[in-house]
Ligand code: MN
């Protein structure tokens, strides 16, 4: 007799440079953490950054493509630095894309409804391998679509720094090994179409690429 009503799903994992895979527990995301993106989304400097979440199995491991999601006509890219939490605090960093159904997000904002369908859908969190760096300088972060640069900024442009984000998240949740925190996107977000090749990088951390299929 199995121990469960149906077989347990395997825990999603992310490869780690020079170590065993990182088992993902959950994904937290910061909204509006770069001033220029906050402005392009219609916010202003009085808005505090805030968190939302994606399910752990929204992860798309390196080397896999992303199916254009259902129920949207405006899929957007958001390049982000990702912080990986381990047993002793920050375990490492990765490059992620916070894929967004922008049309559903706009409708949810208008109605004061939650963002789950806009942000937490299947395959909404492509990610690179995790790099176990001790510290992160003012690294360049960028994203291109079909070779054309769409987003380009520096980690130092973030309104809340990585230590501040981890501290603030820790006030709201008990952070545990396996948690990933997407730290927000700079300006230049825009639509993706089937067939687009998306390439993102954070200087010193790594890069990712995937196709929308
Ligand atoms: Mn985002």
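Can you name every residue in the stretch 173-205 that is in a strand (DSSP E or B) and within 14 Å of the ligand (Cβ to nearest atom)? Full working, then the answer.
Looking only at the stretch 173-205, we keep the residues that are in a strand (DSSP E or B), and these are 179-182, 190-191, 197-202.
180, 181, 182, 190, 200, listed by residue number.
Evaluate the stretch 6-21: report whether one residue or more is under 26 Å from residue 187 (Cα atoms), at pLDDT 95 or above and surrounded by 14 or more Cβ atoms within 10 Å (Cβ to Cβ). Can you show your working first?
First, pick out the residues of the stretch 6-21 that are under 26 Å from residue 187 (Cα atoms): none.
No: zero hits.
So which pairs qualify, if the first residue must be in the stretch 13-31 and away from the ligand (no atom under 16 Å from the Cβ), the second must be part of a loop (DSSP other than H, G, I, E, B) and at pLDDT 95 or above, the Cβ gap must be under 6 Å, and the two must be at least 6 apart or on different chains?
Qualifying pairs under 6 Å: 15/129; 17/129; 23/11; 23/178; 24/12; 24/178; 25/176; 25/178.
Only one of (1) in a helix (DSSP H, G or I); (2) exposed (fewer than 15 other Cβ atoms within 10 Å of the Cβ); (3) without any contact (Cβ under 8 Å) to a residue 12 or more places away in the chain fails for residue 39. Which number is that?
(3)
Yes or no: residue 10 touching a strand residue (DSSP E or B) at 6+ places or on another chain (Cβ under 9 Å), closer than 20 Å to residue 124 by Cβ, part of a loop (DSSP other than H, G, I, E, B) and more than 15 Å from the ligand (Cβ to nearest atom)? Can you show your working first?
On the way: touching a strand residue (DSSP E or B) at 6+ places or on another chain (Cβ under 9 Å): no; closer than 20 Å to residue 124 by Cβ: yes; part of a loop (DSSP other than H, G, I, E, B): yes; more than 15 Å from the ligand (Cβ to nearest atom): yes.
It is false that residue 10 is touching a strand residue (DSSP E or B) at 6+ places or on another chain (Cβ under 9 Å), closer than 20 Å to residue 124 by Cβ, part of a loop (DSSP other than H, G, I, E, B) and more than 15 Å from the ligand (Cβ to nearest atom).
Please find, within the stretch 125-144, the residue that is farthest from the chain's Cα centre (by Cα) out of those that are more than 16 Å from residue 183 (Cβ to Cβ) and either assigned to a loop (DSSP other than H, G, I, E, B) or within 16 Å of the ligand (Cβ to nearest atom) (or both). So that I can check it myself, show each step before the final result.
Here is the first cut: in the stretch 125-144, the ones more than 16 Å from residue 183 (Cβ to Cβ) are 129, 132, 134, 144.
Going one step further and asking which of them are either assigned to a loop (DSSP other than H, G, I, E, B) or within 16 Å of the ligand (Cβ to nearest atom) (or both), we end up with 129, 132, 134.
Numbers: 129: 13, 132: 18, 134: 20 Å.
Applying the filter and picking the extreme gives 134.
Return the only residue of 118, 71, 84 being in contact with a strand residue (DSSP E or B) (Cβ under 6 Å, 6 or more places away or on another chain), under 23 Å from residue 56 (Cβ atoms) and either without any contact (Cβ under 8 Å) to a residue 60 or more places away in the chain or part of a helix (DSSP H, G or I) (or both).
Values: 71 fails: in contact with a strand residue (DSSP E or B) (Cβ under 6 Å, 6 or more places away or on another chain); 84 fails: either without any contact (Cβ under 8 Å) to a residue 60 or more places away in the chain or part of a helix (DSSP H, G or I) (or both).
Of the residues listed, the single one that is in contact with a strand residue (DSSP E or B) (Cβ under 6 Å, 6 or more places away or on another chain), under 23 Å from residue 56 (Cβ atoms) and either without any contact (Cβ under 8 Å) to a residue 60 or more places away in the chain or part of a helix (DSSP H, G or I) (or both) is 118.
Hey, residue 104 hits all of (1) over 22 Å from residue 171 (Cβ atoms); (2) surrounded by fewer than 16 Cβ atoms within 10 Å (Cβ to Cβ); (3) in contact (Cβ under 8 Å) with a residue 24 or more places away in the chain; (4) out of contact with any strand residue (DSSP E or B) (no Cβ under 9 Å at 6 or more places or on another chain) but one; which does it fall short on?
Tallying (1) over 22 Å from residue 171 (Cβ atoms); (2) surrounded by fewer than 16 Cβ atoms within 10 Å (Cβ to Cβ); (3) in contact (Cβ under 8 Å) with a residue 24 or more places away in the chain; (4) out of contact with any strand residue (DSSP E or B) (no Cβ under 9 Å at 6 or more places or on another chain), residue 104 fails exactly one: (2).
Quick one: what pairs do we get from the stretch 146-164, first residue at positive phi, second assigned to a loop (DSSP other than H, G, I, E, B), C-beta under 8 Å, 6+ apart or different chains?
Close Cβ pairs (under 8 Å, with a partner that is assigned to a loop (DSSP other than H, G, I, E, B)) amount to 146/196.
Within 16 Å of the ligand (Cβ to nearest atom), more than 20 Å from residue 101 (Cα to Cα), modelled with pLDDT under 95 and surrounded by fewer than 20 Cβ atoms within 10 Å (Cβ to Cβ): which single residue out of 47, 3 fits that description? Before you say what the answer is, go through the steps one by one.
On the way: 3 fails: within 16 Å of the ligand (Cβ to nearest atom).
Result of the check over 47, 3: 47.
Among the residues of the stretch 121-137, count how many are surrounded by fewer than 17 Cβ atoms within 10 Å (Cβ to Cβ) and in contact with a strand residue (DSSP E or B) (Cβ under 8 Å, 6 or more places away or on another chain).
Filtering the stretch 121-137 for residues surrounded by fewer than 17 Cβ atoms within 10 Å (Cβ to Cβ) gives 122, 132-135, 137.
Of the ones still in play, those that are also in contact with a strand residue (DSSP E or B) (Cβ under 8 Å, 6 or more places away or on another chain) are 132-133.
Within the stretch 121-137, residues that are surrounded by fewer than 17 Cβ atoms within 10 Å (Cβ to Cβ) and in contact with a strand residue (DSSP E or B) (Cβ under 8 Å, 6 or more places away or on another chain) number 2.
Name every residue in the stretch 87-115 that is outside any helix (DSSP H, G or I) and within 11 Å of the ligand (Cβ to nearest atom), in order of residue number.
So the first thing to find is which residues in the stretch 87-115 are outside any helix (DSSP H, G or I), and the list is 87-101, 112-115.
96, 97, 98, 99, 100, 115, listed by residue number.
The values are calculated or read from the model by the stated rules, or taken from the named source; none is laboratory data. Note that the structure is a prediction, hence the values are computed from the model and not measured. A quick note on method: Cβ atoms are made from the backbone with ideal geometry, for glycine too, and the neighbour counts reach across all protein chains shown.
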